[in-house]
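Trainee: One structure follows; several queries about it will come next.
The values are calculated or read from the model by the stated rules, or taken from the named source; none is laboratory data. From a predicted model like this one, the values you see are computed outputs, not experimental measurements. Note that each Cβ is placed from the backbone with ideal geometry, even for glycine, and that neighbours are counted across all protein chains shown. Keep in mind that these areas ignore ligands, DNA and RNA; they rest on the heavy atoms of the full protein, side chains included. Shrake-Rupley method; radii C 1.70, N 1.55, O 1.52, S 1.80 Å.
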Amino acid sequence: MVSITCLMILTSVVTTLAQTERYISGDNMDMEAALQFLIEHNERAAQTYNRMGNARWNYQTNLNEETKEEMLRMTEVRAEFVKEAWKNATSFAWKDLFEGEQHEIFYRWFKKLSVLGSPALPKDRLSELNKLIADMQDIYSTAKVCAFESTDCSLSLDPDLTELLRGSRNFDELKHVWSQWRDKTGKKMKGHFLKYVQLTNEAARLNGFSDAGDLWREVYESETFVRDVEALWKTMEPLYQQLHAYVRRKLIQQYPGRGIRADGPIPAHLLGNMWAQSWGNIFDLVKPYPDKEFIDVTDMMQEKKMTPLDMFKLSEDFFISLGLLPMTPEFWNRSVIEKPKGREMVCHASAWNFFDRKDFRIKMCTKVNMQDLITVHHEMGHVQYYQQYAKQPVMFQSGANPGFHEAVGDVLALSVSTSDHLRKIGLLGDVPDDDEADINHQMKTALSKIAFLPFGYLIDSWRWKVFSGEIPVERLNSGWWEHRLKYQGLCPPVKRTDEDLDAAAKYHVASDVPYIRYFVSYVIQFQFHKALCKAAEHQGPLHKCDIYQNKAAGQLLRQMLRQGSSVEWKEAMRIVTDSDRMDANPLLEYFEPLLQWLQKQNEGEVIGWESANPMACP
Ligand code: X8Z
Ligand code: ZN
């Protein structure tokens, strides 16, 4: 008999399953054993993931040999645990064990347990894989480069290079750091990466998938996923190309005589960001109405002497205003929100769940500027999701799909960055709110949201092909630049070869983090924004909607968040949007005024780019 205490735990973890007892008290011993297993597994999983989380946290916030060793040791402990759980889970005939309402939830639970992942590898190969990933992350996070025409070789990505890419308008200086960063990261990891591809593929195949890309796509629970994302991209591509043509023209004006062609790709180092993934930092160069006053939010934040803590409090306030949860005391005590002195850390922002329902943290080397204010909301969105689904079984404590997890904070940030809201919180001066100001504002948003789309798509489009072998190992970098040219219309300012590995100069490639989640997020966040604005009874164009303080919108969002991954993402999406498909139309609707404006500006302009040598700018 399943004990009463266990039963209580089960009913509390599966809040929706009030009637479980009725099923267990029957004489189906297999079912009873299966439930007993789930209860025990859930408890041990929470403990194991908590210990793993702590070891990873200690390592990532203090990179050294000791913390690394402990982290790798814990990775082995976790792998053993996952393997044992997998063995136990697959010993049950779980597919036919349950009936009725219970079938769906327990089927889903067992299904998650029956995918083993990388622990399918023999022990020594698994250790090798984990060590490779840690080494790549180390190289990435501790890389230093030399300043332009200087002997100072101590520049780190965060904050030095990020700031330099943001502010410098010196073509040659930008080119220098752009190529240095790739020499000191991607190129150094080539050997690691090749072995990593082999081992992740081997693990995927041992799990019954055709390659690692196939395994990565499994969380999207859709046979048509690859086709769907391509179709979404095709719908949005014309808008991107309009933006690209307009920005290219402005860059030709800014950098005359530098060979940027009016019908060619844009050199990748001029867009205000190391990977040219978001272009907000060159707003000053492309501002549609330059004479129109546009008080820069960053200037305002710095003038007001805002601190990183202020930024986090501001973001928390927005969540609370919707009736969502405040951060826990553990969050405020244990998060690291500024770059510590005297030790190396992984500065790439991240949010952490420690699986004890109260310990959630953010690790971020926050700078006081608008972009980081948006990132703070992004990270807090992850934490809000963790908190909302904390009562679910551990196996359901994840996003409906990874794109959902990335979208939560961004949805709120879409409201935060409206001019009305920024004015409300004192971060935008009293500029007149007319059509010209509106287009200025839309341009600023498009530089981060629209410019990102092809980048969000191409990283995994490239990795899927690397995993499947469609891009052969001797053409990794050629394949990368073919994707950069095809989707983003970019070319490298310094000639590339297949000795380089420029994809691995990006955090998520060096750190084994799938990326298509961000593309999905950038599409569905506009679907969520539209649905929440409807719930808030917003009148007027979508880009002017601010859901601040609207409890109806908050309530709707909460209903979705608390499900975690206990339901299919299509069902989760239906809770908020009445639709169960990814749909680019809300995004297009949001940017409609800018699209109209761009089309007028670009009359007579070449839209798109002629084919070119992908490995060097003309
Ligand atoms: O990695 C992130 C977040 C952490 S999940 C800071 N983002 C992507 C990136 O920086 O490349 C957010 C947007 C895209
Ligand atoms: Zn994120």
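Trainee: Hand me the list of helices (runs of 4 or more DSSP H) wholly inside segment 217-316 holding 2 or more residues that are open to solvent by 30 Å² or more (accessible area, probe 1.4 Å) and acidic (D, E).
Mentor: 225-254, 297-303
Trainee: What is the residue count in segment 450-505 for residues that are in contact with an Asp or Glu (Cβ under 7 Å, 6 or more places away or on another chain), in a helix (DSSP H, G or I) and buried (at least 20 other Cβ atoms within 10 Å of the Cβ)?
Mentor: 4
Trainee: OK, next. Can you work out which of the residues in segment 347-363 that are within 11 Å of ligand 2 (Cβ to nearest atom) and outside any strand (DSSP E or B) is most open to solvent (accessible area, probe 1.4 Å)?
Mentor: Filtering first and then ranking leaves H348.
Trainee: Something else: When the residues of segment 328-342 are narrowed to those that are touching a residue at least 60 places away in the same chain (Cβ under 8 Å) and over 20 Å from the mean Cα position of the chain (by Cα), which ends up surrounded by the most Cβ atoms within 10 Å (Cβ to Cβ)?
Mentor: K339
Trainee: Would you be able to tell me the number of residues in segment 29-60 that are crowded, with 18+ Cβ neighbours inside 10 Å, of a type outside the set (G, A, S) and under 24 Å from the mean Cα position of the chain (by Cα)?
Mentor: 6
Trainee: Cβ-Cβ below 7 Å, separation at least six or inter-chain, first residue in segment 399-417 and farther than 14 Å from T577 by Cβ and part of a loop (DSSP other than H, G, I, E, B), second within 13 Å of ligand 1 (Cβ to nearest atom) and among the aromatic types (F, W, Y): which pairs?
Mentor: The qualifying pairs are G399/Y385.
Trainee: Among the numbered criteria (1) buried (at least 21 other Cβ atoms within 10 Å of the Cβ); (2) over 27 Å from A400 (Cβ atoms); (3) within 16 Å of ligand 2 (Cβ to nearest atom), which single criterion is violated by L373?
Mentor: (2)
Trainee: Just checking, does segment 102-111 include any residue being closer than 23 Å to Q397 by Cα, hydroxyl-bearing (S, T, Y) and open to solvent by less than 40 Å² (accessible area, probe 1.4 Å)?
Mentor: Among the residues of segment 102-111, not one is closer than 23 Å to Q397 by Cα, hydroxyl-bearing (S, T, Y) and open to solvent by less than 40 Å² (accessible area, probe 1.4 Å), which makes the answer no.
Trainee: Name the residues in segment 495-522 that are among the β-branched types (V, I, T) and closer than 21 Å to E474 by Cβ, would you?
Mentor: T497, V509 - these are the residues of segment 495-522 that are among the β-branched types (V, I, T) and closer than 21 Å to E474 by Cβ.
Trainee: Among the helices (runs of 4 or more DSSP H) confined wholly to segment 1-77, which include 1 or more residues that are modelled with pLDDT of 95 or more and not hydroxyl-bearing (S, T, Y)?
Mentor: 29-60
Trainee: For the condition surrounded by 20 or more Cβ atoms within 10 Å (Cβ to Cβ) and not small (G, A, S), what is the one hit in P432, P393?
Mentor: Checking each option against the conditions leaves just P393.
Trainee: Here's a follow-up. Name the one entry in H543, H538 that is farther than 30 Å from A212 by Cα, open to solvent by 40 Å² or more (accessible area, probe 1.4 Å) and away from ligand 2 (no atom under 16 Å from the Cβ).
Mentor: H538
Trainee: Also: Tell me the residue from Q384, Q388 that is away from ligand 1 (no atom under 16 Å from the Cβ) and open to solvent by less than 40 Å² (accessible area, probe 1.4 Å), please.
Mentor: Being away from ligand 1 (no atom under 16 Å from the Cβ) and open to solvent by less than 40 Å² (accessible area, probe 1.4 Å) holds for just one of Q384, Q388, which is Q388.
Trainee: For segment 303-313, state whether one or more residues are closer than 24 Å to K551 by Cα, touching a residue at least 60 places away in the same chain (Cβ under 8 Å) and within 15 Å of ligand 1 (Cβ to nearest atom).
Mentor: For segment 303-313, residues closer than 24 Å to K551 by Cα, touching a residue at least 60 places away in the same chain (Cβ under 8 Å) and within 15 Å of ligand 1 (Cβ to nearest atom): present.
Trainee: Which residues, taken from segment 179-202, are closer than 18 Å to V494 by Cα and open to solvent by 50 Å² or more (accessible area, probe 1.4 Å)?
Mentor: Answer for segment 179-202, where residues must be closer than 18 Å to V494 by Cα and open to solvent by 50 Å² or more (accessible area, probe 1.4 Å): D183, K184, K187, K188.
Trainee: Sticking with this structure for a sec: Just checking, how many residues over segment 379-407 are touching a Leu at 6+ places or on another chain (Cβ under 7 Å) and within 13 Å of ligand 2 (Cβ to nearest atom)?
Mentor: Within segment 379-407, residues that are touching a Leu at 6+ places or on another chain (Cβ under 7 Å) and within 13 Å of ligand 2 (Cβ to nearest atom) number 3.
Trainee: Next question, about the same structure. Restricting attention to segment 507-533, which residues are farther than 14 Å from Y590 by Cα and without any contact (Cβ under 8 Å) to a residue 40 or more places away in the chain?
Mentor: Within segment 507-533, V513 is the sole residue that qualifies.
Trainee: Residues to consider are S419, S415; find the one that is within 24 Å of S521 (Cβ to Cβ), at pLDDT below 95 and away from ligand 1 (no atom under 16 Å from the Cβ).
Mentor: S419
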